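Remarks on the structure that follows.
Every number in this text was worked out from the coordinates using simple rules, so none of it is lab data. Keep in mind the model is a prediction, meaning the values are calculated, not measured. Cβ placement follows ideal geometry from the backbone for every residue including glycine, while neighbour counts extend to all protein chains displayed.
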């Protein structure tokens, strides 16, 4: 089952994506559960909704980031062996962690904004975890029971700020990251280590890797992150990018206004974002 958040006119809602249509669960559950995160936290999302009659055509709505109000966006860096090698970094002993703000995320179809004070704007295709059941000190053996589903993420990075200023500054310019197009729940992805991630820039393939190349698996990441913070339903954890990023290429490949970036993950779908210049 795939779940999306969307705008139908001026009304924000969420629901089940069924081919070219949507079952509007937000309308069904009412104002007590205004977002997909609140419905997931309440345990309201059930498989039988996939068989319900659709309410809207997908073409009638504007997709939003599937989790519009995440409590936490936790990102893992250097989590593929070849990506660590291409950047000249040592393989980490523990997951390398940083955070993103909610205002850095845009939905599929919305532009990634290249800041006007930097031309070093890079792409990072990633698999993102959406937590379904919170917890603390979750063991790796139990971790997948805490997952609601998975989505595509583009960890757009302003590299000169990342390397010269700080990781936080380089990763948190507004509207630099893409999330979506929707969440594929665990019934569609029982094993997140068997996916293929592909990133394309203007139709040219720049990244392709199986998620089995991760240094830290999805269960290991959840165990580690829940060891130092409480995880809650709707939290998003990005699991890192494989090799092929722009800064490590010769010549370097920076995103520019007019480019289109696609992050395509098997069993999920394709996150598509054009790149636009910052408007003053």
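Couple of notes before you dig in:
- Tilt relative to the chain, helix 218-228 - C-alpha long axis, 0 to 90 degrees, to 10: 90
- Note on the chain: with a GNM built from Cα contacts shorter than 10 Å, the maximum mean-square fluctuation among 66, 174, 190 falls on 190.
- Additional length obtainable on full extension of the chain from residue 94 to residue 260, 0.36 nm per residue less Cα span: 56.4 nm
- Ordered by the count of other Cβ atoms within 10 Å of each Cβ, fewest first, 22, 183 give 22, 183.
- Each listed q (0.09, 0.11 Å⁻¹) maps to a log10 I(q)/I(0) for the chain from the Debye sum over equal C-alpha point scatterers, namely -0.39, -0.58.
- Sorted by Cβ neighbour density within 10 Å, fewest at the top, the residues 48, 262: 48, 262
- For the chain, built as a Gaussian network whose Cα springs stay under 10 Å, the top-fluctuating residue of 57, 19, 145: 19
- A full extension of the chain between residue 140 and residue 202 corresponds to an added length of 18.5 nm, given 0.36 nm per residue minus the alpha carbon distance.
- Pair residue 248, residue 168: separation of 7 Å Cα→Cβ label points (nm): 2.6
- Helical runs (DSSP H, four residues minimum) scored at -39500 (n - 2.57) apiece and divided by the length of the chain put the mean residue ellipticity at 222 nm at -3500 deg cm²/dmol.
- With the simple spin-label model, which puts each label point 7 Å out from Cα in the Cβ direction, the residue 212 to residue 50 separation comes to 2.4 nm.
- Taking 215, 138 and counting other C-beta atoms within 10 Å, the order from fewest to most: 215, 138
- Residue 193 versus residue 62: modelled label distance in nm, points set 7 Å from Cα along the beta carbon direction: 4.2
- For the chain, the relative contact order comes to 25 percent (Cα pairs under 8 Å, sequence separation of at least 6).
- GNM top mover of 18, 42, 184 - the chain, alpha-carbon springs below 10 Å: 42
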